[in-house]
Amino acid sequence: MPQGGGLSTRGPRNLLRQIREAMAGGGPAQGRLNQVVRIIALSMVAEVCSLYLRRASGELELFATEGLNPEAVHNTRLRPGEGLVGEVARIAEPISLIDAPSHPSFSYRPETGEDPYHAFLGAPLLRGGRAVGVLVVQNRAARHYDADEIEDIQTIAMVLAETVASGELVGLEELSEVELAPHRAERLKGQKFADGLAVGHVVLHEAPIAPEQLLALDPVAEEIRLHASLDALKSGIDHMLDGGQGKLGGASYEVLETYRMFADDRGWNRSLEEAVRSGLTAEAAVDRVRNEHRARFAKARDPYIKERLHDFEDLANRLLRILAGDKPGDRALPDDAILVAKNLGPADLLEYPRTKLKGLLIEEGSAASHAAIVARALQIPCVGRLMGLRDRLSENDLVIVDGEGGEAFLRPRPDMVEAVTQRMAMRQSRQAEFDKIRDLPAVTQDGTRVTLLTNAGLAVDLELLDKSGAEGIGLFRTEFQFMVSDELPKLNAQTALYRLVLDAADERPVTFRTLDIGGDKVLPYLEAEREENPALGRRAIRLGLDRPALLRMQLRALLTAAGGRELRVMFPMIATVDEFRAARELVDYEVAWARRRGRPLPELLRVGAMIECPSLLWHLDALLPLTDFVSVGSNDLFQYMFAADRTNPLVAERYDPLSPPALRALQYIQKKCADTGTPVSVCGEIAGKPLEAFALVTLGFTRLSAPAAGVGAVKRMVLSTDLVAARRGMANLLGSSAASIRGELESLARKLNVAL
Ligand code: PEP
Ligand code: MG
């Protein structure tokens with residue numbers, strides 16, 4: 001009776017070579033699969049070797065076997081979790097048993113004739129962290145498979161997963177029903193982050209580089225390579241932590257610290273070493289260990305643990321880059337790049353060349369996150385919250401980004417591409433319609449003039465100012481310049497940008513918002529304390545007041561750039577009247593400084609506050625007299641009102657701005673401003689959406705600042721609105737006890753023939 005002995009006698013490399021040769025052998029696919037399982041059984045000294053692959057239905061079908069009844073092939077099917085094979089797939093980890101029939105998960109299938117076999121060793125075929133099949137060896141005798149054998153079968157399973165998915169083993173057309181993704185067309189429902197449509201090819205953000213060579217020619221040399229790359233990884237992180245933060249791009253200090261911890265993780269290092277010792281190249285070892293992590297973490301429900309997976313993923317990607325000798329930023333992008341990311345920061349997005357970036361798909365994120373805002377500012381169609389996205393796509397796959405419907409189509413069929421191309425043409429003609437009303441003033445049916453402005457933050461936005469027909473810039477996010485820079489922008493650079501903006505705006509008003517960093521906007525070169533709750537932390541004006549030199553430099557740049565013209569400047573995240581006073585004092589200080597030196601000063605200076613913290617609502621009577629204007633930052637105001645982090649996908653969309661409490665708060669602000677004669681605008685994202693903007697004008701707001709892409713549609717809405725009738729309808733709705741009055745508001749707008 002054979003007693004196993006695993007691969008130790010012949011070595012996994014030898015076996016893997018034989019598998020490759022069998023695959024290359026030609027002949028019908030089934031014949032080659034049969035040969036592969038025979039070779040594995042022989043090598044592992046097992047009486048049985050079976051390969052199960054997952055069908056699209058989720059069932060695991062026996063595709064080939066050595067030792068079991070051949071009649072069972074393509075007949076035996078197991079549901080995920082059913083039997084030991086189903087259990088291996090479910091937990092996505094190997095199972096080794098001395099006596100399988102006595103295990104509670106054992107499911108006896110008479111057609112297979114497996115009753116005489118006791119010892120069982122099964123390993124999942126992992127693709128993108130999911131089990132797409134299971135490889136099993138069985139022995140008649142109740143024997144124990146040792147750690148080396150378990151390691152070996154995992155290596156073989158990995159090679160099989162790769163080769164089956166690549167179509168080398170069996171033609172993919174023969175496996176069209178097998179869920180070996182990614183090759184089938186799929187439709188994923190997500191959420192709209194930025195309007196628009198795009199068709200293009202996938203570029204994976206921080207793309208994992210697929211190992212080209214799986215088997216090492218010289219395992220000893222490979223281990224040395226692995227250690228050298230691990231050392232380089234660790235010293236690179238140490239270097240960044242020790243002060244070279246400028247090189248880091250968008251990654252935060254916290255992430256780095258976690259990296260360092262994980263890079264030293266003994267379990268991770270040991271798994272990599274073991275994988276290399278089993279005959280894999282260092283790259284393939286990283287890939288395999290990553291797959292195991294994905295599978296393990298994918299089952300975790302705890303969001304903290306899931307985040308750790310992200311860290312391991314990043315670490316693996318960095319390691320793969322080091323092994324490939326790549327430098328970040330060297331990547332060549334296709335001209336129709338669709339960036340695909342699990343999550344990304346605004347700075348990460350800005351690192352990609354705008355001209356090639358046609359669309360963006362994000363697995364997590366939220367519509368109010370800054371990456372989504374940047375996407376809208378750049379008019380890059382973006383869909384987010386696409387569960388399982390990264391696992392379903394490969395680099396260079398064709399995809400459709402449907403930012404209108406909040407969907408992504410992966411590997412679409414030609415008819416779908418055609419349909420979307422037609423919709424893109426329709427959008428263009430709708431744009432032509434907006435172009436026709438572009439130079440008309442936005443006046444409601446009953447004669448109320450509404451001023452439509454745009455939100456901007458980058459030099460590219462300035463082109464859109466003319467194209468959108470906006471009457472000025474209602475919010476210029478000055479931090480974007482800081483975010484795209486590797487170091488603190490110098491006074492001259494800041495002055496130059498502000499001058500460029502004022503020149504481009506010509507006579508149109510521009511409202512500059514002073515630096516709003518912190519929260520999800522992290523500047524790698526500005527040392528920031530680690531905070532538990534960054535959104536409630538030292539962000540925006542809080543940082544400005546704590547580091548007045550930074551704010552003063554910016555104010556100096558603004559005053560210089562606006563010499564001889566009007567300067568409008570406002571402060572973000574004001575929570576107390578004192579904060580506004582202190583900020584305004586810094587402006588006065590800088591004005592006095594410039595005056596003493598005889599520097600040119602703005603002809604007119606207006607200083608405002610953003611209303612983003614609910615505390616201000618109860619102190620408007622004290623605040624408004626001190627301001628020249630205010631602007632409601634509804635993104636933040638609602639985040640704080642509903643206590644829901646705008647960047648956290650689990651809570652960001654839980655509350656609807658079109659709800660009685662949110663709208664009543666806005667109504668209250670509008671009324672207080674009207675009573676005191678304080679000019680007020682709304683500059684959150686809601687100002688750029690026709691239905692939300694309909695609510696705003698109905699509440700009495702006549703200054704809206706929206707992303708350039710929303711201006712046309714909002715103007716069309718304004719031109720078609722009869723405010724008197726709308727106000728009557730709105731008054732009833734505000735009394736509702738519902739959590740959202742979106743549906744009712746939409747019906748009202750439709751009844752009044754408002755163009756949405
Ligand atoms: C807001 O909070 O609504 C706002 C306009 O500012 P930001 O989105 O940049 O935080
Ligand atoms: Mg804000």
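Among the candidates 462, 523, which residue alone is within 15 Å of ligand 1 (Cβ to nearest atom) and more than 22 Å from residue 608 (Cα to Cα)? Quick ask: steps written out before the conclusion?
On the way: 462 fails: within 15 Å of ligand 1 (Cβ to nearest atom).
Of 462, 523, the one residue that is within 15 Å of ligand 1 (Cβ to nearest atom) and more than 22 Å from residue 608 (Cα to Cα) is 523.
Check region 502-509 and report whether any residue there is at pLDDT 90 or above, more than 16 Å from ligand 2 (Cβ to nearest atom), surrounded by fewer than 19 Cβ atoms within 10 Å (Cβ to Cβ) and in a helix (DSSP H, G or I). Looking through region 502-509, at least one residue is at pLDDT 90 or above, more than 16 Å from ligand 2 (Cβ to nearest atom), surrounded by fewer than 19 Cβ atoms within 10 Å (Cβ to Cβ) and in a helix (DSSP H, G or I).
Matching residues to (1) assigned to a loop (DSSP other than H, G, I, E, B); (2) farther than 11 Å from residue 715 by Cβ; (3) open to solvent by 60 Å² or more (accessible area, probe 1.4 Å):
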| site | (1), (2), (3) |
| --- | --- |
| 412 | yes, yes, no |
| 419 | no, yes, no |
| 424 | no, yes, yes |
| 431 | no, yes, yes |
| 434 | no, no, no |
| 441 | yes, no, yes |
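Could you check, for region 429-444, whether at least one of its residues is among the small types (Gly, Ala, Ser) and under 27 Å from residue 607 (Cβ atoms)? Scanning region 429-444 turns up at least one residue that is among the small types (Gly, Ala, Ser) and under 27 Å from residue 607 (Cβ atoms).
Comparison of 371, 367 shows that the only residue that is of a type in the set (Gly, Ala, Ser), within 16 Å of ligand 1 (Cβ to nearest atom), part of a helix (DSSP H, G or I) and at pLDDT 75 or above is 371. Every condition in (1) touching a residue at least 24 places away in the same chain (Cβ under 8 Å); (2) under 37 Å from the mean Cα position of the chain (by Cα); (3) surrounded by fewer than 23 Cβ atoms within 10 Å (Cβ to Cβ) is met by residue 601 except one, and the failing one is (2).
Across region 41-62, the qualifying residues are those that are touching a helix residue (DSSP H, G or I) at 6+ places or on another chain (Cβ under 6 Å) and modelled with pLDDT of 90 or more, and the one among them that is nearest to residue 133 (Cα to Cα) is 52. Of the residues making up region 663-684, those that are within 16 Å of ligand 1 (Cβ to nearest atom) and either outside the structural domain of residue 721 (by TED's automatic domain parsing) or crowded, with 21+ Cβ neighbours inside 10 Å (or both) number 8. How many residues does region 347-389 hold that are out of contact with any Gly (no Cβ under 9 Å at 6 or more places or on another chain) and of a type in the set (S, T, N, Q)? Count: 1.
Select from region 389-408 the residues that are open to solvent by less than 20 Å² (accessible area, probe 1.4 Å) and either within 27 Å of residue 130 (Cβ to Cβ) or in a strand (DSSP E or B) (or both) and write down the one among them that is nearest to ligand 1 (Cβ to nearest atom). Before you say what the answer is, go through the steps one by one.
In the first step, residues of region 389-408 are kept if they are open to solvent by less than 20 Å² (accessible area, probe 1.4 Å); the result is 389, 393, 399-403, 406, 408.
Subsequent filtering for residues that are either within 27 Å of residue 130 (Cβ to Cβ) or in a strand (DSSP E or B) (or both) retains 389, 393, 399-402, 406, 408.
Values: 389: 25, 393: 29, 399: 28, 400: 28, 401: 22, 402: 24, 406: 20, 408: 25 Å.
Only one residue fits best here, namely 406.
If you go through region 390-403 and pick out every residue that is modelled with pLDDT under 90 and not small (Gly, Ala, Ser), you end up with 7.
Take the residues in region 636-655 that are under 26 Å from residue 731 (Cβ atoms) and open to solvent by less than 30 Å² (accessible area, probe 1.4 Å); name whichever of them is farthest from ligand 2 (Cβ to nearest atom). Walk me through how you get there before you give the answer.
We begin by selecting, within region 636-655, every residue under 26 Å from residue 731 (Cβ atoms); these are 637-638, 641-642, 655.
Narrowing the set further to residues that are open to solvent by less than 30 Å² (accessible area, probe 1.4 Å) leaves 637-638.
Details: 637: 8, 638: 10 Å.
Here the answer is 638.
Every residue in region 462-489 that is part of a helix (DSSP H, G or I) and open to solvent by 10 Å² or more (accessible area, probe 1.4 Å), please.
Once the filter is applied, which keeps residues that are part of a helix (DSSP H, G or I) and open to solvent by 10 Å² or more (accessible area, probe 1.4 Å), region 462-489 yields 462, 463, 464, 466, 467, 468, 481, 483.
Kindly check whether there is at least one residue in region 479-499 that is in the same structural domain as residue 583 (by TED's automatic domain parsing), within 16 Å of ligand 1 (Cβ to nearest atom) and free of Cβ contacts under 8 Å to residues at least 40 places away in the same chain. Scanning region 479-499 turns up at least one residue that is in the same structural domain as residue 583 (by TED's automatic domain parsing), within 16 Å of ligand 1 (Cβ to nearest atom) and free of Cβ contacts under 8 Å to residues at least 40 places away in the same chain. For region 528-566, taking the residues that are crowded, with 24+ Cβ neighbours inside 10 Å and not in a helix (DSSP H, G or I), the one that is farthest from ligand 2 (Cβ to nearest atom) is identified as 562.
Among the residues of region 101-113, is there at least one that is touching a His at 6+ places or on another chain (Cβ under 9 Å) and of a type in the set (Phe, Trp, Tyr)?
Within region 101-113, the first condition is being touching a His at 6+ places or on another chain (Cβ under 9 Å), and the residues that meet it are 101-102.
Narrowing further to those that are of a type in the set (Phe, Trp, Tyr): none.
So far as region 101-113 goes, no, none of its residues is touching a His at 6+ places or on another chain (Cβ under 9 Å) and of a type in the set (Phe, Trp, Tyr).
If residue 558 meets every condition in (1) more than 16 Å from residue 640 (Cα to Cα); (2) out of contact with any Pro (no Cβ under 7 Å at 6 or more places or on another chain); (3) within 16 Å of ligand 1 (Cβ to nearest atom) apart from one, which number is that one? Condition (3) is where residue 558 drops out. Does residue 447 satisfy the criteria of being closer than 30 Å to residue 697 by Cβ and either part of a loop (DSSP other than H, G, I, E, B) or hydroxyl-bearing (Ser, Thr, Tyr) (or both)? Taking the combined requirement at face value, the residue satisfies it. Any residue at all in region 325-342 that's in a helix (DSSP H, G or I), under 14 Å from the mean Cα position of the chain (by Cα) and either more than 30 Å from residue 215 (Cβ to Cβ) or modelled with pLDDT of 80 or more (or both)? Looking for residues that are in a helix (DSSP H, G or I), under 14 Å from the mean Cα position of the chain (by Cα) and either more than 30 Å from residue 215 (Cβ to Cβ) or modelled with pLDDT of 80 or more (or both), one finds none in region 325-342, hence no.
The values are calculated or read from the model by the stated rules, or taken from the named source; none is laboratory data. Since the structure is predicted, the reported quantities are computational estimates derived from the model, not experimental observations. Glycine gets a Cβ as well: all are built from the backbone with ideal geometry, and neighbour counts include every protein chain shown. Note: areas computed on protein heavy atoms with side chains; ligands, DNA, RNA excluded. Shrake-Rupley method; radii C 1.70, N 1.55, O 1.52, S 1.80 Å.
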